[in-house]
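Novice: Starting off with a structure, shown below.
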């Protein structure tokens, strides 16, 4: 984990391989999820992160164990990058008791308090006020941790975004507002939803330190988010970081993508963060082509294991249906 | 025997908040105008001076934002008391309360607790017209995961908040602004109260009056009048609207065999609908007459006093209804 | 061979139309390739394939609309052995398999019981409260001819109880006693042990009374006009089930008279011992024989209304053997009354260790001379049996006079 405040991440070969592994794991995990969905193993809504891997992996590098993460319904990438077990995520999506949320949440509601991962929040922008509150608690408790809140550019049109930015700045609380701008709120382009499409202009209006970065470039994301987190830790104040990114797959599984041209998708695919980062590692001689194949093989095995874990999971007994409505020790 | 003191509903609420702030460092009060203004209804007057701005936090007019922040702070180990000035504005925070506070424990498979207490001034009776006279108890009582309490008496005004703060799960407290100035005697040492059960406030054998909120004192008054006419009614304050304590009113019905449910909320899909249904489901063969209801008239609450009064059950309505039921 | 199926792309997708095959038989298929375009409710979606191999055969033609799960094409795997095995176990009708795996609670089917319902369909609909119906059925009371006093003329608990009190014989006659055919052995009523015990208790205390207590008897006919008018006035506003009956006023009058003549509100235990409380016991005859003696405590201090309410509560419970022990055996004086359609007079046996018992005959209209005029008035014949060890006739006579005084001035009650 980076400790220095230096601007340019100086990564070692080992770190490079680890980061590539993380991005590939997310990519293959998402592809496998799509497949399991078509087989009806996964149901409900399934939102895939393919194309946006550099953001999750880049940002989580700058976070410490004690930091809180809140995310959206497109959160598999964040959960995996944070270190959640792929098997527990897959089991969750299969609806099995062994899932990270005991199967009660599904794809959109991954929770793991052990790694301070607070969802998996599926009402667009609904988690921003909570993130501010968690940061407020840290401040009141004298803790030095940062609350990192991922959300999409669609959320920035919600009233709660503006309420939360105002509250965070007003109260000076350590929250990182991390906007993943993938240009489409479901299927509606940014230009149809925001009067001011340069979202990074919205931060200064609240007196919030703001930055933006190419979200397809892992090293750039790492650098920008490290800078943001360092600022927050130093000042205790919020920071707004906009990552420009793109999802290669449809919004969810049942999406005919009527709203964008194939050519546009193809153009963005040239920016695919994984080949881009692989090339960088190859160029810097931090990795060999064989080693990349080895990582692919390792990822494949991890995903097979995850599927096996999920398949072998248990269905919760229907008699336990009403668990977790109230705290069990209190009202049984 | 403990000493009794005369206390207004407002002061009972306030002394509960003060006690909670003194008892537990994690407790803080946040809400619109709770600090410098002294509370929209003067419930928190003086507390800013006593506890400082870290414990008594004024917030901007952003109900969803600050209610969500309270939920977040609770997630992260604090015990926030969120004051939503009135229940009418809570509609702007409903997403936070229902989609976050009420669901997180369940969605996370039991990992996350949200020990937030959300207080709301509510009710009708001050000529505030349609947008400021809502009775939203049924809305919130509909939601599993919430504990919904109705503060119908001074003892509960003094005690419910303290018990609510002990709950690991989110609690909604309905406080009735029309009762703020009302003074009653309560034991000097009154404190935390049970928040699981309804309460029989007056024993009786002819009929069970089941109510909550502002209905409580109205029903007690009606019961007094009825006693003078030789009709002996039992008065039950539901108190806990969710999870509803049905045991208390079902037991009462097995004694009285007749029930009248009284509430200010609109009749359709209300607390009284729920009570009536449960009586039918679980005490059908104890009924000697159909369960009756007195509820809010289904109209946006009008401004003129006489129309406002006619919109919700009054004492004389209760007396008349009971008389009709007992002496058809 | 791999079966390529119409994929499920959403919970709300039930079928799709195969618009265009992007891969022909013989084409090499790679994971992630678009194999076909499918039209759905949401528009045209490119269908991705997750297998590798050579497209063997199209099974669904372009333009065909098929449900999710339908096999669209066969793909010959490249890595034969491995893929075939995996896909065979994964393949078949996933939707249904899914459902099968979810554990459902086993619901045992119970045979429908319709006989009772059929039998009852012929009956006209009677408005009766669930509680009243339950009591009626428990006591095997026919409620089809009762006129209800409840809401909308429905029959309520009070109506059934009134029937149980006022028509004991009739109820007994209509009572089919042992209706259940499965009881082949000699019927043993559940109350039987209580009956025996009760009979024995009555036998014992009445024998003791007759053997040990030297009774003396007094009798007086009392004019009930005032009392009946008073009742009528008070009943005018009341619903039937709340109406006052003469017995209530008689009990109250006895209690007040005892207050004036306290020597009769006493027990004899070697000597006369007056009682502080005036608790009036009254004899309740049970329909199947026997009597019980519940008491109205402090009857002198209770308004007539309240005495009536207590009677309404006690009598049905007494008949159902549901009295609490505290309601029995506390009486300090006893009343026995014959009720309607009975004898003119009743002479009671004192319930030891009490020292008196009043008997009320039936209220009936009789010629009465009053102020030199003869008129027809409701009258009642009242008897007093008292213990001569404790009091003499003069005391008894004073008691009857006091009783009469109250009945002539009911406002003083």
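The values are calculated or read from the model by the stated rules, or taken from the named source; none is laboratory data. All values reported here derive from a predicted model rather than from experimental measurement. Cβ: placed from backbone, ideal geometry, glycine included. Neighbour counts: every protein chain shown.
Novice: Residue by residue through region C:305-340, note down the ones that are at pLDDT below 80 and within 14 Å of residue C:381 (Cα to Cα).
Specialist: Passing the criteria: C:338, C:339, C:340.
Novice: Six or more apart or on different chains, Cβ atoms under 7 Å: show the pairs whose first residue is in region A:136-149 and facing chain B (nearest Cβ under 7 Å) and whose second is modelled with pLDDT under 95 and buried (at least 24 other Cβ atoms within 10 Å of the Cβ).
Specialist: Within 7 Å, no pair qualifies.
Novice: Turning to a different aspect of this structure: Look at residue A:271 and say whether it is within 24 Å of the chain's Cα centre (by Cα) and not in a loop (DSSP other than H, G, I, E, B).
Specialist: No.
Novice: Looking at C:26, C:69, which is the one that is at pLDDT 50 or above, in a loop (DSSP other than H, G, I, E, B) and over 27 Å from residue A:256 (Cβ atoms)?
Specialist: The unique qualifying residue is C:26.
Novice: Moving on. Can you work out which of the residues in region B:68-92 that are facing chain A (nearest Cβ under 7 Å) and touching a residue at least 40 places away in the same chain (Cβ under 8 Å) is surrounded by the most Cβ atoms within 10 Å (Cβ to Cβ)?
Specialist: For region B:68-92, the residue satisfying everything is B:70.
Novice: On to the next question. With region C:318-413 as the region, which strands (runs of 3 or more DSSP E) entirely inside it contain at least 3 residues that are buried (at least 19 other Cβ atoms within 10 Å of the Cβ), at negative phi and touching a helix residue (DSSP H, G or I) at 6+ places or on another chain (Cβ under 9 Å)?
Specialist: Counting at least 3 such residues, we get C:333-337, C:356-360, C:373-387.
Novice: Given the structure, is residue B:240 surrounded by 24 or more Cβ atoms within 10 Å (Cβ to Cβ) and touching a strand residue (DSSP E or B) at 6+ places or on another chain (Cβ under 9 Å)?
Specialist: Taking the combined requirement at face value, the residue does not satisfy it.
Novice: Next question, about the same structure. Can you name the residue in region B:43-53 that is assigned to a helix (DSSP H, G or I) and touching a residue at least 12 places away in the same chain (Cβ under 8 Å) and is also nearest to the other protein chains (Cβ to nearest Cβ) among such residues?
Specialist: B:51
Novice: If residue B:269 meets every condition in (1) in contact (Cβ under 8 Å) with a residue 12 or more places away in the chain; (2) loosely packed, with under 15 Cβ neighbours inside 10 Å; (3) within 14 Å of chain C (Cβ to nearest Cβ) apart from one, which number is that one?
Specialist: (3)
Novice: Criterion first (within 18 Å of the chain's Cα centre (by Cα), within 20 Å of residue B:272 (Cβ to Cβ), part of a strand (DSSP E or B) and modelled with pLDDT of 95 or more) does residue B:173 satisfy it?
Specialist: No: the conditions fail for residue B:173.
Novice: Report yes if some residue within region B:227-238 is assigned to a helix (DSSP H, G or I) and in contact with a helix residue (DSSP H, G or I) (Cβ under 9 Å, 6 or more places away or on another chain); otherwise report no.
Specialist: Taking every residue of region B:227-238 in turn, none turns out to be assigned to a helix (DSSP H, G or I) and in contact with a helix residue (DSSP H, G or I) (Cβ under 9 Å, 6 or more places away or on another chain).
Novice: Then there is this: Taking into account only those residues within region B:104-148 that are facing another protein chain (nearest Cβ under 8 Å) and in contact (Cβ under 8 Å) with a residue 40 or more places away in the chain, which is surrounded by the fewest Cβ atoms within 10 Å (Cβ to Cβ)?
Specialist: B:144
Novice: Condition (residue is in a helix (DSSP H, G or I) and either more than 14 Å from chain C (Cβ to nearest Cβ) or touching a residue at least 12 places away in the same chain (Cβ under 8 Å) (or both)) applied to region A:234-254: is it met by at least one residue?
Specialist: Yes: region A:234-254 contains one or more residues that are in a helix (DSSP H, G or I) and either more than 14 Å from chain C (Cβ to nearest Cβ) or touching a residue at least 12 places away in the same chain (Cβ under 8 Å) (or both).
Novice: Only one of (1) crowded, with 18+ Cβ neighbours inside 10 Å; (2) farther than 29 Å from residue A:109 by Cβ; (3) more than 10 Å from chain A (Cβ to nearest Cβ) fails for residue B:97. Which number is that?
Specialist: Status for residue B:97: all satisfied but (2).
Novice: Oh, and also: So residue A:35 ticks every box in (1) within 12 Å of chain C (Cβ to nearest Cβ); (2) more than 16 Å from the chain's Cα centre (by Cα); (3) surrounded by fewer than 24 Cβ atoms within 10 Å (Cβ to Cβ); (4) in contact (Cβ under 8 Å) with a residue 24 or more places away in the chain but one. Which box is left unticked?
Specialist: Going through (1) within 12 Å of chain C (Cβ to nearest Cβ); (2) more than 16 Å from the chain's Cα centre (by Cα); (3) surrounded by fewer than 24 Cβ atoms within 10 Å (Cβ to Cβ); (4) in contact (Cβ under 8 Å) with a residue 24 or more places away in the chain one by one, residue A:35 breaks only (4).
Novice: Checking the conditions here, which among A:133, A:126, A:99 is at pLDDT 95 or above, assigned to a loop (DSSP other than H, G, I, E, B), within 19 Å of residue B:74 (Cβ to Cβ) and within 9 Å of chain B (Cβ to nearest Cβ)?
Specialist: Within the list A:133, A:126, A:99, the selection yields A:126.
Novice: Moving to a separate point now. Taking the stated definitions as given, is residue A:58 in contact (Cβ under 8 Å) with a residue 60 or more places away in the chain and surrounded by 24 or more Cβ atoms within 10 Å (Cβ to Cβ)?
Specialist: It is true that residue A:58 is in contact (Cβ under 8 Å) with a residue 60 or more places away in the chain and surrounded by 24 or more Cβ atoms within 10 Å (Cβ to Cβ).
Novice: Same structure, new question: Mind checking which pairs have a first residue in region C:288-309 that is more than 15 Å from residue C:253 (Cβ to Cβ) and not assigned by TED's automatic domain parsing to the domain that holds residue C:157 and a second that is part of a strand (DSSP E or B) and modelled with pLDDT of 85 or more, Cβ under 8 Å, 6 or more apart or different chains?
Specialist: Pairs found: C:293/C:281; C:293/C:282; C:293/C:334; C:294/C:281; C:294/C:282; C:295/C:280; C:295/C:281; C:295/C:282.
Novice: Just wondering, is there one or more residues in region A:106-119 that are under 26 Å from residue B:77 (Cβ atoms), facing chain B (nearest Cβ under 8 Å) and surrounded by fewer than 23 Cβ atoms within 10 Å (Cβ to Cβ)?
Specialist: yes
Novice: Here's a follow-up. With respect to residue C:267, determine if the residue is part of a helix (DSSP H, G or I), in contact with a strand residue (DSSP E or B) (Cβ under 7 Å, 6 or more places away or on another chain), in the same structural domain as residue C:332 (by TED's automatic domain parsing) and surrounded by 15 or more Cβ atoms within 10 Å (Cβ to Cβ).
Specialist: no
Novice: If you don't mind, there's one more thing I want to ask. Answer with yes or no whether residue B:260 is modelled with pLDDT of 95 or more, assigned to a strand (DSSP E or B) and within 14 Å of another protein chain (Cβ to nearest Cβ).
Specialist: Judged against the criteria, residue B:260 is a match.
Novice: Can I ask one more? State whether one or more residues within region A:211-219 are farther than 19 Å from residue A:243 by Cβ and in contact (Cβ under 8 Å) with a residue 24 or more places away in the chain.
Specialist: Looking for residues that are farther than 19 Å from residue A:243 by Cβ and in contact (Cβ under 8 Å) with a residue 24 or more places away in the chain, one finds none in region A:211-219, hence no.
Novice: Of all residues in region A:153-196, count the ones that are in contact with a strand residue (DSSP E or B) (Cβ under 9 Å, 6 or more places away or on another chain), farther than 17 Å from residue B:95 by Cβ, surrounded by fewer than 24 Cβ atoms within 10 Å (Cβ to Cβ) and within 14 Å of another protein chain (Cβ to nearest Cβ).
Specialist: Of the residues in that region, 1 qualify.
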